[in-house]
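The structure under discussion appears below in the form of structure tokens.
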Amino acid sequence: MGLSVAIAGGIVMFSLVYILLMLPGVVDQTTSVTKASSAVSDVENSILKTNIAMSTFSATSGSTTMDFTITNSGTEKLWNYEKFNLIVTYPIAGNTNKTQSFTYQSGACVTPAAGKWCIVSITGDNFDPNILNTNEALNGRLTTSTTPDTGTAYATISTDVGVTASRTDSTT
């Protein structure tokens, strides 16, 4: 009888020690899940607060530069332009279209390099220089790698959190 009580006590003691040793790992995993959930919530909140519109898009046949204006009507400040995606489809010779992706070119902007876009100015930029705040408009310019022909050009820009705006223009 005494031996069975001792074995049962040993089994219970082993079980309790095992549970106590496993507890930190479970707590660590719970903390990781909580941090990831918080990060997802922050991104979703940023997406909800972001609202942009491409109010103008101007493409001219024979000119490799195109101008556009992005208006921020959301409450999220936009500043991470390196992570913006700008895609333009425009007509080229031979009755075909070319789709090109453009990357951000920082610094002073008159005419960006081919395949780049830049900020010419931000209208109403009274505070937070080079940050697109609520009710401000970003005036941008891009340079295509191929000269556009007559037809319709399409532009779509996506922010760093994936909110998009599009516009079309007829090149003449």
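Here are some notes:
- Some residue of segment 90-113 being touching a residue at least 60 places away in the same chain (Cβ under 8 Å), more than 17 Å from the chain's Cα centre (by Cα) and surrounded by 13 or more Cβ atoms within 10 Å (Cβ to Cβ): yes
- Filtered residues of segment 59-72 (kept if over 11 Å from residue 139 (Cα atoms) and either hydroxyl-bearing (Ser, Thr, Tyr) or more than 23 Å from the chain's Cα centre (by Cα) (or both)): 59, 60, 61, 62, 63, 64, 65
- Screening the candidates 5, 43 for the property of being open to solvent by 60 Å² or more (accessible area, probe 1.4 Å), within 30 Å of residue 115 (Cβ to Cβ) and at pLDDT below 85 yields one hit, 43.
- Filter pass, residue 118 being modelled with pLDDT of 95 or more and over 14 Å from residue 55 (Cα atoms): yes
- Which listed residue is in contact with a strand residue (DSSP E or B) (Cβ under 6 Å, 6 or more places away or on another chain), modelled with pLDDT of 95 or more and more than 30 Å from residue 49 (Cβ to Cβ), from 71, 65: 65
- Pairs are defined by a Cβ separation below 8 Å, a sequence spacing of at least 6 or placement on different chains, a first member in segment 123-140 that is touching a residue at least 60 places away in the same chain (Cβ under 8 Å), and a second member that is β-branched (Val, Ile, Thr) and in a loop (DSSP other than H, G, I, E, B); the pairs so defined are 134/75.
- Filtered by the rule that a residue be open to solvent by 40 Å² or more (accessible area, probe 1.4 Å) and within 24 Å of the chain's Cα centre (by Cα), segment 146-160 gives 154, 156, 160.
The values are calculated or read from the model by the stated rules, or taken from the named source; none is laboratory data. Nothing here was measured: the structure is a model prediction, and the numbers come from that model. No Cβ is skipped: glycine too gets one built from the backbone with ideal geometry, and neighbour counts run over all protein chains shown. SASA here: full protein model, heavy atoms, side chains in, ligands and nucleic acids out. Shrake-Rupley method; radii C 1.70, N 1.55, O 1.52, S 1.80 Å.
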